[in-house]
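A short write-up of the structure that comes next.
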Amino acid sequence: MGIATIVQTKGSSYRKAGAHMMINSLGQSFGMLSGGCLEADLKRQARKCWTTNQSQVVCYDMSDESDIAWQLGIGSGGMVRVFIQPINQANDYHQLHLIHQAFIDNQSIDYQLIVNDVDAINQCVFTATNLEKSSSFDETTQCFTSHLKSKPNIVIFGGGIDTLPLVSLMKTMAWNITLIDARSNYARPSVFKSADTIINQSYQSLTKHPALINCNAIVIMHHNIEYDAQAIKLAQSSPASYVGLLGPTHRTIRVFEQTCLDNISLRCPLTNPIGLALGGDLPETIALSIVSEIQAHLSQASATPLSTFEYCVNEVNHAS
């Protein structure tokens, strides 16, 4: 087994510093460091590591025409520096078991790699604050610190048929999904096979349920005013930083009449209508809209277009 980590980039690159990929002796890989261009060569380099039992740094540089990156056809125009390490008992499996346990416990950690030491063992450092910090490389100590966060825990209230594409898309995102609905004919395990957990019980009994205590975002979509109101009140016992309600604003006013609350007094302000304005009114497009908004919120991103490029045919023809 081996682990490959991007520790430095310059210019354009598909993945940034902190991206990891696992490689096993069967040639299987888990995770990606490029759009598929580097992976085959990284597997070859990884075999060298576990044959020699030593780590190595591999650099792919598109600014150098003699570099293998040109032969691989990366095409991004940037430089990617990858640290590849063998994983075995002698190096304590680089403490990957501690990362696994941290993710189970919904904890974030710093994962430190000493890049200039082929025998160094990666170290897990648990941090309770500054959870949004990014990965970094210290040129002086040659220590790369990758900040790792557990996958988001999402709670969805309402297991109707239009929830299916939402659960499916969230599963594609590798999010942990808990589906809750007290109604007997909804949120059936035989239908929602992608959900990690399904809860069919009264909402009054869920105040201290682990799914709510550990969740990052909540989506409420019962299409039932009374159940939506119960879910909003239940969300107040959760640390979720995002709570979204499906439906128009005039309907939400009726929901709040049932809760005896207002949006100002909520622990977490309610997002309504839920989702980004992507267009479309099918369950699939609504699901994409909701997932996009949650992704932007959890990543503290603006959700604005990335494009700044303008191509004018007339100007190009005139210049030629």
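Here are some notes:
- Each Cα pair under 8 Å and six or more residues apart adds its separation to the average, and for the chain the resulting relative contact order is 11 percent.
- In loop segments of segment 180-213 as defined by DSSP, the trypsin sites (Lys or Arg not before Pro) with at most 12 further C-beta atoms inside 10 Å of their C-beta are Lys193, Lys208.
- Positive-end ranking of Gly275, Tyr227, Thr5 along the dipole of the chain, with charges on Cβ about the Cα centre, is headed by Tyr227.
- Of Cys268, Cys59, the residue with the largest accessible area leads and the full order is Cys59, Cys268 (1.4 Å probe).
- Exposed loop sites here mean GluC sites (Glu not before Pro) with a DSSP loop assignment and at most 16 other beta-carbon atoms within 10 Å; the chain contains its longest site-free run at 140-309.
- Label assignment, Rg/Rh (Cα atoms, Kirkwood Rh) derived from the structure, set (i) 0.97; (ii) 1.05; (iii) 1.44: (ii)
- Each label was represented as a point 7 Å from its Cα along the Cα-to-Cβ direction; for Cys260 and Ile104 these points are 4.2 nm apart.
- Where labels lie 7 Å past Cα in the beta-carbon direction, separation of Cys268 and Thr207 in nm: 1.9
- Nearest-20 debye value, the chain charge dipole, Cβ charges on Lys, Arg, Asp, Glu: 820
- Modelled spin-label separation between Lys151 and Lys171, with each label point placed 7 Å from Cα along the Cα-to-Cβ direction: 1.1 nm.
- Over the chain, dividing the summed -39,500 (n - 2.57) contributions of all DSSP H runs of at least 4 residues by the number of residues returns a 222 nm mean residue ellipticity of -8000 deg cm²/dmol.
The values are calculated or read from the model by the stated rules, or taken from the named source; none is laboratory data. Computed from a prediction, not measured in an experiment: that's the story for all the values here. Positions of Cβ are backbone-derived with ideal geometry, glycine not excepted, and every protein chain shown enters the neighbour counts. Heads up: the accessible areas ignore ligands, DNA and RNA and are worked out on the full protein's heavy atoms, side chains in. Shrake-Rupley method; radii C 1.70, N 1.55, O 1.52, S 1.80 Å.
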